[in-house]
Amino acid sequence: MIWILFLLLVVLFIINVPIAVALGLSASIVIIIQDNVPLIAVMQRMFNSVDSFPLLAIPFFILAGKLMESGGISGRLIHLANVVFGRIRGGLAIVSIIACAFFAAISGSAAATTAAVGSLLIPAMVKKGYDKNFSTAIQAAGGTVGIMIPPSVPLILYGVTASVSISDLFVAGIIPGLFVVLSLIILVYSISLMKGYGGGEIFGFNDFLIAFKDAILALLMPVIILGGIYGGIFTPTEAAVVAVVYGLIVGLFIYREIKWKDLINIFTSSIVTTSVIMFIIAGASIFGYLLTRERVPAMLTELMLNFTESWIVALLIINLILLIVGVFMETAAAIIILTPILAPIAVAMDINLVHFGIIMIVNLAIGFITPPVGINLFVASNIAGIKFEKIVQAIVPFILIMIVNVLIISFLPTMSLLLLGR
């Protein structure tokens, strides 16, 4: 029946059925035929998969990101970063990556990070003489840190699926996320130096003080969220609610860049995004249930152990699998399906599941900037108004540096586990 399941899934993909529907439909057909159960039982199992308190963090972090984008928070962060780095070569390119890191520390979404920062900085970079394709590629690549730096929606999904502490995952993601940010900064600075992009903007200390004062509330947002989680004041789910309340107060009453009429569009957009993710989780969960019931994870674990006893070789194989899957499959679906399959292999190879979660997320982040499914590429190219093929050519150096990052993070578990004291 497993072969029938995968055959159905491939056929549905070929005829361009949405991934959530393809996953749920293929699994449902097999279950109904094999077990002769009523369709309502399948629907109940799908509903139970999203009836989870930790998953409540997802819609709230998405809403917080939308409020940040509309409330002037991202613009102030970008201005502050430009005051600090605008004078050096590739200053705006560096600002783009840093702004993505700040936005990621609130939104938890790669696509939202790309959209929010890119809509402001792509036109600014082009105006300053940066190549348009390069500028667009920077935003697409910078957006990937949205799922690495906590809070992260994919980390929440992994934590729920693998039964791993979400707070531990958030802590573990800090150093790898900052490492990726640093590597991207070095790359864009090197390219800008060779091409002669940017530099020369002079800002005084007074300019810094004014920009810092203007951005102080924006800077406090990730401090409150992450500090509250790590300080044990509230859970990640509660932190998401705090982020929404903070974003509403700042955007509506302090910065006053959000009008009451704007809330309808903000809430509607957040609901649509959340619905898509939850639908994928529901469809992927029934698919994953069938794989687990048919002992696919156990068989693959046994196969891997028979093939090699080296955790290094096993990690190389797993990384290759994740890279390939990330190219063709949406991140949420990949996590829900692959975690029950690959986590037992990680346990058998004595790989810490928190570290393994970071490996999985950084791998799948590359999928955001690789065609044909690379969401960040579509978002950035639409913002810039360039053809998809143009950004694909410009993104290659970023993909290569991300692959190097994956290997370093994979084989240096201390990077993920240091702050956890493990």
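Which of the peptides 317-323, 159-165 is most tightly packed, and how do the rest follow, going by the mean number of other Cβ atoms within 10 Å of each residue? Walk me through the numbers before you get to the answer.
On the way: 317-323: 17.7, 159-165: 19.3.
Ranked by mean Cβ neighbours within 10 Å, highest first: 159-165, 317-323.
Per residue, how much accessible area does region 307-422 have with a 1.4 Å probe, in Å²?
Here the residues of region 307-422 average 40 Å² of exposed surface.
Using Cα pairs under 8 angstrom and six or more residues apart, how large is the relative contact order of region 33-115, in percent?
Numbers: 43 pairs, mean separation 25.5, N = 83.
Averaging sequence separation for qualifying contacts and normalising by length gives 31 percent for region 33-115.
Compute the FRET efficiency between VAL17 and ASP51 as 1/(1 + (r/R0)^6), taking r as their Cβ-Cβ distance and R0 = 25 Å, and round to the nearest 0.05. Working shown, then result.
Working: r = 25 Å, r/R0 = 1.01.
Once rounded, the FRET efficiency stands at 0.50.
Quick check: at a probe of 1.4 Å, how many percent of the accessible area of region 297-422 sits on carbon and sulfur atoms? Walk me through the numbers on the way to the answer.
Working: 3800 of 5290 Å².
Taking all protein chains in place, region 297-422 shows 72 percent carbon and sulfur surface.
Specify the residue with the greatest mean-square fluctuation among GLY65, GLY196, GLY374, computed from a Gaussian network of the chain linking alpha-carbon atoms under 10 Å apart.
Comparing GLY65, GLY196, GLY374 in a Gaussian network model of the chain, the most mobile one is GLY196.
Add +1 for every Lys or Arg and -1 for every Asp or Glu among the other residues with Cβ under 15 Å from the Cβ of LEU303, and state the total.
Details: positive: ARG295; negative: GLU294, GLU302, GLU309.
Residues close to LEU303 contribute a combined charge of -2.
Mind checking which of LEU291, LEU9, MET415 is farthest towards the positive end of the chain's charge dipole, using Cβ charges of +1 (Lys, Arg) and -1 (Asp, Glu) about the Cα centre?
Looking along the dipole axis, the top candidate is MET415.
Given LYS66/LYS261; LYS127/LYS195; LYS128/LYS195; LYS127/LYS387; LYS132/LYS213, which pairs have Cα atoms separated by over 22 Å?
Numbers: LYS66/LYS261 14 Å; LYS127/LYS195 16 Å; LYS128/LYS195 13 Å; LYS127/LYS387 19 Å; LYS132/LYS213 32 Å.
Distance filter (> 22 Å) returns LYS132/LYS213.
Express the Stokes-Einstein translational diffusion coefficient of region 212-288 in µm² s⁻¹, to the nearest whole number, given a Kirkwood radius over alpha-carbon pairs, 10 °C and a viscosity of 1.306 mPa s. Walk me through the numbers on the way to the answer.
Working: Rh = 14.7 Å.
Translational D for this selection: 108 µm²/s.
Alpha carbon centre of region 1-23 versus region 28-49: separation in Å?
First find each Cα centre; the distance between them is then 16 Å.
Mind giving me the FRET efficiency for ILE202 and SER165? R0 is 51 Å, r the Cβ-Cβ distance, nearest 0.05 is fine. It would help to have the intermediate numbers written out before the result.
On the way: r = 47 Å, r/R0 = 0.92.
After rounding to 0.05, the efficiency reads 0.60.
Roughly what would the spin-label model give for ILE210 and ILE2, points 7 Å off Cα along C-beta, in nm?
Distance between the two pseudo-spin positions: 6.5 nm.
Taking the Cα centre of the chain as the origin, how large is its charge dipole in debye, to the nearest 20, when only Lys and Arg (+1) and Asp and Glu (-1) carry charge on their Cβ atoms?
980
Rounded to the nearest 0.05, what FRET efficiency is calculated for LEU305 and ILE40 with R0 set to 41 Å and r the Cβ-Cβ distance? Could you put the intermediate results ahead of the total?
Working: r = 40 Å, r/R0 = 0.97.
It comes to 0.55.
Once you have the Cα-Cα distance between LYS259 and ILE408, take 0.36 nm times their residue separation minus that, and quote the gain in nm to one decimal.
Values: separation 149, 0.36 × 149 = 53.64 nm, distance 4.54 nm.
Computed gain between LYS259 and ILE408 is 49.1 nm.
Could you give the length gained on full extension between TYR230 and ASP131, defined as 0.36 nm per residue of separation minus the Cα-Cα distance, in nm?
That works out to 31.6 nm of additional length.
Where the centroid of each part is defined by its Cα atoms, how far is region 73-131 from region 205-242 in Å?
18
Can you check what the net charge comes to around LEU220, using other residues whose Cβ is under 14 Å from the Cβ of LEU220 (Lys, Arg +1; Asp, Glu -1)? Could you put the intermediate results ahead of the total?
On the way: positive: ARG76, LYS213; negative: ASP214.
Summing Lys/Arg as +1 and Asp/Glu as -1 gives +1.
Just one of [x] 36, 29, 20; [y] 31, 27, 19; [z] 36, 24, 21 is semi-axes √(5λ) of the Cα gyration tensor in Å as worked out from the coordinates here. Which one is it?
[z]
Which of the listed residues, PHE205, MET194, LEU169, is farthest toward the dipole's positive end in region 169-258, when Lys, Arg count +1 and Asp, Glu count -1 at the beta-carbon?
Going by the Cα projections, it comes out as MET194.
The values are calculated or read from the model by the stated rules, or taken from the named source; none is laboratory data. Keep in mind it's a predicted model, so treat the numbers as computed, not measured. As a convention, Cβ positions derive from the backbone with ideal geometry for all residues, glycine included, and neighbour counts pool all protein chains shown. Heavy atoms of the whole protein, side chains included, go into the accessibility calculation; ligands, DNA and RNA do not. Shrake-Rupley method; radii C 1.70, N 1.55, O 1.52, S 1.80 Å.
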